[in-house]
Amino acid sequence: MPEEMKVRWTWLKIMYAYTLVGAGGFGLGMLLMPGLVMKMMGFPAQDPVTFGIAGSVFLAFAVLSVLGLRSPLKFAPVLLLQLSYKLIWVIAVVVPLLISQQFPGYACILALIFVTYIIGDLIAIPFPIVFSKEAGH
């Protein structure tokens, strides 16, 4: 497949490792020490069920990233999903709050971290291969 020459293997592995460490650590913290994470991040009190769901999703991305480190191209849809939800959050939540000047200060670090994932995923994901007809076979 000629598109395989366009795969940025190192970037793929970096993004899986970044997800493993970043999302995995944050997800574990959210699940095992939610009060500490809220305090460290300056988050207001959270519904424990919703906070736990978010932590579980972050941890799931980390677990799948372990598989991505082993088979980077096969698990590229994991990075695509990560890119999608973070980009949607920035567009649908962050931008309107910034425009209305209601963006909370405690969310600045989270937004910045999400932007680093968005940029990294845009560089790493081999879009022509992921969206090719052969990718599903």
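Could you go through region 36-48 and let me know if any residue there is within 27 Å of F127 (Cα to Cα), out of contact with any Asp or Glu (no Cβ under 8 Å at 6 or more places or on another chain) and of a type in the set (S, T, N, Q).
Step one: filter region 36-48 for residues within 27 Å of F127 (Cα to Cα), giving none.
Taking every residue of region 36-48 in turn, none turns out to be within 27 Å of F127 (Cα to Cα), out of contact with any Asp or Glu (no Cβ under 8 Å at 6 or more places or on another chain) and of a type in the set (S, T, N, Q).
Which members of region 91-117 meet the condition of being touching a helix residue (DSSP H, G or I) at 6+ places or on another chain (Cβ under 6 Å) and farther than 20 Å from L73 by Cβ?
Those that are touching a helix residue (DSSP H, G or I) at 6+ places or on another chain (Cβ under 6 Å) and farther than 20 Å from L73 by Cβ: V94, F103, A111, F114.
Which condition breaks for A92 when tested against (1) at pLDDT below 95; (2) of a type in the set (G, A, S); (3) exposed (fewer than 13 other Cβ atoms within 10 Å of the Cβ)?
Of the numbered conditions (1) at pLDDT below 95; (2) of a type in the set (G, A, S); (3) exposed (fewer than 13 other Cβ atoms within 10 Å of the Cβ), the odd one out for A92 is (1).
Considering only residues of region 22-50 that are of a type in the set (A, V, I, L, M, F, W, C) and in contact (Cβ under 8 Å) with a residue 40 or more places away in the chain, which is surrounded by the most Cβ atoms within 10 Å (Cβ to Cβ)? Break it down stepwise before answering.
Step one: of region 22-50, the residues of a type in the set (A, V, I, L, M, F, W, C) are 23, 26, 28, 30-33, 36-38, 40-41, 43, 45, 49.
Narrowing the set further to residues that are in contact (Cβ under 8 Å) with a residue 40 or more places away in the chain leaves 23, 41, 43.
Details: A23: 23, M41: 14, F43: 16.
Checking each candidate, the answer is A23.
The values are calculated or read from the model by the stated rules, or taken from the named source; none is laboratory data. This one's a predicted model, so the numbers in the text were calculated from it and none came from an experiment. Every residue, glycine as well, gets a Cβ built from its backbone with ideal geometry; the counts of neighbours run over all protein chains shown.
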